[in-house]
Structures are given as structure tokens and as C-alpha cells.
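Beneath this line is the structure, given in C-alpha cells, with notes to follow.
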Amino acid sequence: MYIYQRCFFLILTLSLLNPAFAGAQLNTTLRAQQQYSQADHSQFFKTIDAHLSFAALDVDYEAGGVRVATTFSMTKQQRTETKFTISEAYYDFSLAQWFGSVGKKKVDWGVGYGFRPLDLFSPTKSLALYTAVPPGSYVVAGDYFTQRGNVSLLCNESKRLYLDKGRATTSSLGCGGRYYHYFDNVESQFIAHFDRRMGWRVGGSAVTVLREATALYGSLLWQSRYQSPTFKRGLNNAWTQTTWHENSLQALIGVNHSMMAGVNIIAEYWFDGRAPKQHQWRQVLEMGSASLRGHYATQNLFQHNLMLHVRGHDKSWQPSFTAVLNPQDSSMFIDGKLCYSQIQGRQFCAGARRYLGSALSIYGQLGQQQVAYLSLEIKL
């Protein structure tokens, strides 16, 4: 908390001393969600119907290269939890031909919708029931722009992405860079980053427009070290243990097609080598013990994933549909949502998600059969 306070007051002081303070912008957003979950039989999780209430107030302030974004949130399920988060607090500046940033900032180099391998430092969970941009990480960065691209260099904190026995693992520090280049019809980037805990992460992406309304994209990332649950078996028991592994590959390929009627279709396949292999899941599901629930702590439950996302848009209504399939055990989830935003600055959404699969499938033991939710977002 002490580091947060020092960073916050430093950025605030810089903004007050900046001559552009008079043109400051202040934005305030209220978010709320009601979520109802219907339980299903599970050998790993408590199977009780649940009701969750969530509310958050977002406040962001910008002036003269300074941005401060904060969130005060309250979550109520079995008990009430309140949380205050400084999501971003950074200062943008220029030095010669370089553009720099220092502070807490969201840096996202990812390409894709359902999975973004190159969103390295504080990944956004695009398929969560309620998606919000996560807090940034502490960073010192510089960008140099050319006629057809740019070079980015940074040193930063990597956020705690993996849960070990329900607790976030320790953050670490690293440095790296990105080279972005635009060709005649292709956007490409190459990334290399070294983290003192995760080692090297090297990858890249490309996006090209096939026709006026169709784009093809892909991204690839190799990671030298990563954490993952490992299945352990003794004479009379079994358990899950978090261990470090070496050499993982993450890959995504997708197509995005837009129609004249305001309909957008996204189809993606991705592979995540950090996720448990299918034979590991078979062992876990056959044992069926609550001590093995740690296998559900990975960012992707499956190594192989297929996704279809369809959404529409007009002045008032925005329907969407998402389906994600694990082709190895034929379990999947489907999610449908309808949003209304006729009133300026206000959006109302209602949706439902259902998990499908046999009793011996990964989603079949998730403990949730279906979830219904209502959400509201108001810009004050």
C-alpha cells in the first residue's frame, strides 16, 4: 500500500504543476452486476446455488500527460468484501524523439479475442462473465516511432497470473521490447521479454485484411518457464502440486468478418501449452477428489480450444453469442447476452451462460450448470 500511495501522490503532484491542469478531464462510471448460479454435481467443488452482487465506481483523471484511474468495488456473496484499487497512475512525456511513460500503466500487445498470448503483463480475461480492464503494472517505457512502425522498450513488473492453493503467486520484474512494422497489407510485431521468474518470453503476431470486411490474424509465444498444476498420486491418496515447468508454446489463429447489417463474426482456435494435458485431466477426473481442485486454477483449462463469437450492433440493441468447445472431451460453454443502450451513457445487459458436458468432462465437474446475470453501466 505504501508504494501505491507514493506513486499516486507523485503523479498527482506532477499534474498539479503541469500548465495543462486547467484542461483536465474527469470521468466517472458506475458499474453493477447481479449474478445467479445454479449448481450441478461436482466431486471437486461445493455444489450450492449462489447469488453474487457486485458494484464498482470507476474514476479516472487526465491532464497534461498524467492519467490516474481508481476503482472502489464491493462484492457480496457469502460475505461482503470492499476493495480500493489504483488501476493506473502514470505520466507520459517526450524526450527528443522518444515518448516515455513512468508509473502504473496497462500495456497490452495482444492480438485476438478469446485468448491473447501477447497480453503479457496484466492480461484481460475476455471470456469472463463480466469483463473489465485489469489494473496495470509498474512500468518504465519508451517508444520511438518510424514512418512504418515503432520500437518499444520497457522494464516492468509482471502481475501474478497463477493461483497456488487459492493465493496469487509473487510478482516479478523484467525487461524487454517490441518491434512493430506495417507493410502494405500486413501489421506485424516481434516481442522479446525476460522476466526473472518466468525467464524468456519470445513471440510475435500478424494481422492482414483478406477482403474489405474480413481480417485474418495470428499470434505465437514461446515461454521458457511457467507454473502449472501437476497431478501427484501416493499409495492411498492423490493431490495437486504447483510446480515450475520449462518450454511452453501458446498460439492463436482467428478470422474476423463484418457484415453490412452490423453483424460481426469471430472464429478462433488457440493452443495453450501451459494447460494440463488431456491424460492428466483423465487421471484427475477418475480420482474425483476435492484435493485435486487445484487443476482448475490455470488460465486455460484446455490445451486445445475452439471459439465462435457473434455479435450485432445498432443504435439501441447489441446481442451477442459465444461458444467455446474443448474438442478433446466435447465439453463446452455457451453464453448469450443482450444489451440495451438507447439512453446516452447508460447500458443495460442481461445474459446467461450454460456449461455442457458429461459427468467425466472438465466442464461437467465445474460445479456450475448455468449462470444468469444482469449488469448496468452508467457514465456519470
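The values are calculated or read from the model by the stated rules, or taken from the named source; none is laboratory data. Since the structure is predicted, the reported quantities are computational estimates derived from the model, not experimental observations. Cβ: placed from backbone, ideal geometry, glycine included. Neighbour counts: every protein chain shown. Ligands, DNA and RNA are excluded from the accessible area calculation, which covers all protein heavy atoms including side chains. Shrake-Rupley method; radii C 1.70, N 1.55, O 1.52, S 1.80 Å.
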For this session: Run the accessible area of the chain with a 1.4 Å probe and give the carbon-and-sulfur part as a rounded percent.
Result: 59 percent
For this session: State the Kirkwood hydrodynamic radius of region 82-145 in Å, one decimal place, computed from all pairs of distinct Cα atoms.
Result: 13.3 Å
Seminar exercise, completed: Under a Gaussian network model of the chain whose springs join Cα atoms within less than 10 Å, the largest fluctuation of Gly254, Gly199, Gly345 belongs to Gly345
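Which whole-number percent gives the relative contact order of region 53-137, counting Cα pairs below 8 Å spaced six or more residues apart?
Numbers: 158 pairs, mean separation 16.4, N = 85.
Relative contact order for region 53-137 comes out at 19 percent.
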For this session: May I ask you to evaluate 6.51 cos²θ - 1.76 cosθ + 1.60, the Karplus curve with θ = phi - 60°, for each residue of region 195-208 and list the ³J(HN,Hα) values in order in whole Hz, giving x for glycine and proline?
Result: 10, 5, 9, 8, x, 7, 10, 10, x, x, 8, 8, 9, 9
Exercise. Can you tell which of Lys104, Lys83, Lys232 shows the greatest fluctuation in a Gaussian network model of the chain with Cα springs below 10 Å?
Worked result: Lys83
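Counting only helical runs of four or more DSSP H residues, what would the 222 nm mean residue ellipticity of the chain come to if each run contributes -39,500 (n - 2.57) and the total is spread over all its residues?
-2000 deg cm²/dmol
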Exercise. Using the beta-carbon distance between Phe321 and Thr242 and R0 = 45 Å, what value does 1/(1 + (r/R0)^6) give for FRET efficiency, to the nearest 0.05?
Worked result: 0.80
Seminar exercise, completed: Taking every other residue with Cβ under 13 Å from the Cβ of Gln344 and scoring Lys and Arg +1, Asp and Glu -1, one gets +2
Problem set entry | Unit Cα scatterers, Debye sum, the chain: log10 I(q)/I(0) for q = 0.06 Å⁻¹ | -0.26
Seminar exercise, completed: Flagged as over-length at 24 Å C-alpha distance, from Lys125/Lys277; Lys315/Lys337; Lys83/Lys105; Lys83/Lys106, the pairs are none
Exercise. Does anyone have the angle between helix 2-17 and the longest principal axis of the chain? Alpha-carbon axes, 0 to 90°, nearest 10?
Worked result: 30 degrees
For this session: State whether region 250-363 is rounded, prolate or oblate according to the following rule on the C-alpha gyration tensor (a ≥ b ≥ c being the square roots of its eigenvalues): a/c under 1.5 gives rounded; otherwise a/b larger than b/c gives prolate, and the remaining case gives oblate.
Result: prolate
Exercise. Taking Cα atoms, how many degrees apart are the long axis of helix 278-287 and the longest axis of the chain, rounded to 10 and kept between 0 and 90?
Worked result: 50 degrees
For this session: Grab the other residues whose beta carbon is less than 14 angstrom from that of Met74, score K and R as +1, D and E as -1, and report the net.
Result: +2
